[in-house]
Amino acid sequence: DQQAHEPMQINQLIEDLVQLEAKRTDGIEMVLSPDCPVINMNIIAVKRVLANLVENARRYGNGWIRITSGWDKEWVRFCVEDNGPGIRPDQIQTLFQPFTQGDTARGSVGSGLGLAIIKRIVERHQGQILLDNRREGGLRATVRLPRD
């Protein structure tokens, strides 16, 4: 799987996606950390993770989506936030299992595969994905990818 990894800056990936999404969503807010280091990743797979999280934010949010990026010594991260109903804390773990959906919480229908696939891609990069509710309401999905 490693041979598919190429150097890329996460901000570039986010900007590319937001440009594509601009046709479908008015105004994804971007707050990108300057000087995000370039890391090796499977660009197509990580773009799919980002697109899937934005799709979820569009489906479950109330029209506001923010994507942020950041980094520290060990990780490069990006977050996708929405202003929807969020999810119950006791449902967060089950959301990553195939065919489990937070649809009872978030009132809509999907394939139920999205987050399971996302988690697999992120783990294949030795990364982590965290879901948590925003204090202001809505969900935040944070993906951390290792810098080396």
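The values are calculated or read from the model by the stated rules, or taken from the named source; none is laboratory data. Remember, it's a predicted structure, so these values are computed and weren't measured experimentally. Heads up, the Cβs are rebuilt from the backbone with ideal geometry, glycines too, and the neighbour counts pull from every protein chain shown. Accessible surface is based on the protein model in full, side chains and every heavy atom, while ligands, DNA and RNA are left aside. Shrake-Rupley method; radii C 1.70, N 1.55, O 1.52, S 1.80 Å.
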Discussion item. Using the crude model of +1 on Lys and Arg Cβ and -1 on Asp and Glu Cβ, and no other charge, please compute the dipole size for the range 7-105 relative to its Cα centre, in debye to 20.
Written reply: 220 debye
Worksheet item: Taking the Cα centre of the range 19-72 as the origin, how large is its charge dipole in debye, to the nearest 20, when only Lys and Arg (+1) and Asp and Glu (-1) carry charge on their Cβ atoms?
Response: 300 debye
Worksheet entry | Solvent-accessible area, 1.4 Å probe, carbon plus sulfur percent, for the chain | 50 percent
Fill in: Cα pair count fraction exceeding 27 Å, expressed as % - the chain
17 percent
Item to complete: Let me have the 222 nm mean residue ellipticity of the chain computed from DSSP H runs of 4+ only, each contributing -39500 (n - 2.57), with the sum over all residues rounded to the nearest 500.
Response: -9500 deg cm²/dmol
Fill in: Dipole axis of the chain (+1 Lys, Arg; -1 Asp, Glu on Cβ), positive-most option in Met30, Ile129, Leu95
Leu95
Practice prompt. Just the number, please: percent antiparallel of the DSSP beta bridges in the chain, rounded to the nearest 5.
Written response: 85 percent
Worksheet entry | On Cα atoms only, tilt of 114-124 relative to the major axis of the chain in degrees | 30 degrees
